[in-house]
Amino acid sequence: MKLFPSMDLSQFFAELKSRNIRRLAVAYVTAGLLLIELAAILLAIFEAAAWGLKLFVGALQLGNAHAPVRRLDPIHEI
């Protein structure tokens with residue numbers, strides 16, 4: 001299975017490893033979990049509505065999904 005026409009699956013994972021994508025993903029997940037815990041504590045203190053935490057988690061998911069999309073290849077930068 002080819003994800004990109006000029007790259008096979010082993011090259012794709014080698015590229016992810018060379019760009020430290022795994023470390024970035026772990027950092028995003030860790031930061032997201034800490035922010036969710038903090039938001040849960042603060043929203044409980046201020047007696048906010050239950051949908052407030054759901055909205056916050058949804059916003060974090062959108063932000064994390066968008067972050068790695070940014071192109072990291074210095075060859076294609078202008």
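The values are calculated or read from the model by the stated rules, or taken from the named source; none is laboratory data. Owing to the predicted nature of the structure, the values given are computational and were not obtained by experimental measurement. FYI the Cβ positions are ideal-geometry reconstructions off the backbone, even for glycines, and counts take in every protein chain you see.
Taking only segment 1-47 into account, find how many residues are modelled with pLDDT of 90 or more and either part of a helix (DSSP H, G or I) or surrounded by 10 or more Cβ atoms within 10 Å (Cβ to Cβ) (or both). Give the derivation first.
Pass one, segment 1-47, residues modelled with pLDDT of 90 or more: 30-47.
Cutting the leftovers down to either part of a helix (DSSP H, G or I) or surrounded by 10 or more Cβ atoms within 10 Å (Cβ to Cβ) (or both) gives us 30-45.
Summing the residues that are modelled with pLDDT of 90 or more and either part of a helix (DSSP H, G or I) or surrounded by 10 or more Cβ atoms within 10 Å (Cβ to Cβ) (or both) in segment 1-47 gives 16.
List every residue pair whose Cβ atoms sit under 7 Å apart, with the two residues 6 or more apart in sequence or on different chains, where the first one lies in segment 13-30 and is within 20 Å of Gly63 (Cβ to Cβ) and the second, anywhere, is part of a helix (DSSP H, G or I) and of a type in the set (Val, Ile, Thr).
Between residues of segment 13-30 that are within 20 Å of Gly63 (Cβ to Cβ) and residues that are part of a helix (DSSP H, G or I) and of a type in the set (Val, Ile, Thr), there is no close pair.
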